[in-house]
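Heads up: the structure comes next, in structure tokens.
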Amino acid sequence: MSNAWQFPIAREIQLHNRVDELERLNEWLEAVGEEAGWPPRAKLDLSLACEELIVNIVNYGFPAGGEHYISVSVSASPLAAELKIEDAGVPFNPLEEADPDRSLELEDRDIGGLGIFFVKQLMDDIHYERTDERNRFRMSKTFSYINKKTNNGKQEDNTDEYRDAGH
């Protein structure tokens, strides 16, 4: 069954396992977001979530080093996005990591864990699986736009603002 009616835009990019590829990722997401009609804040949230996961893959996914690829695909519409990130790195389910204890002072907290916590907060749905020797991470976000009244009392859509539909 196709999701074409729900997500009319489908794109994929292959990234090298290097931090300098984040710029290319962000430019690609910006272009997809423009085509789909995402509001600026949605593009930022999706970029931040992808960046966090890609940085983890680059830093920890390939301890032996070497050139590897990370696949990022997106299915997009003006109201939603589903992103998939796949790599052949060491098995790692970021969703199994405990959320950081935010009640502690910053200097008393363990290092790490905040990035995955932010991804969980930014996305509506997240899923991980390890199949065919690959890490597969899927996340989705639905955008709910805020309607504002203009000076003349009429409603207008403000696509620069949205609230998290799932939160």
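Here are the numbers:
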{"item": "Contour excess over end-to-end distance, with Cα ends at N59 and H127 and 0.36 nm allotted per residue", "result": "22.4 nm"}
{"item": "Isotropic mean projected area of the C-alpha convex hull, region 1-90 (nm²)", "result": "5.9"}
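Throughout, read-outs are computed from the coordinates displayed, never taken from laboratory work. Here the structure is a predicted model, which is why all the values come from computation and not from measurement.
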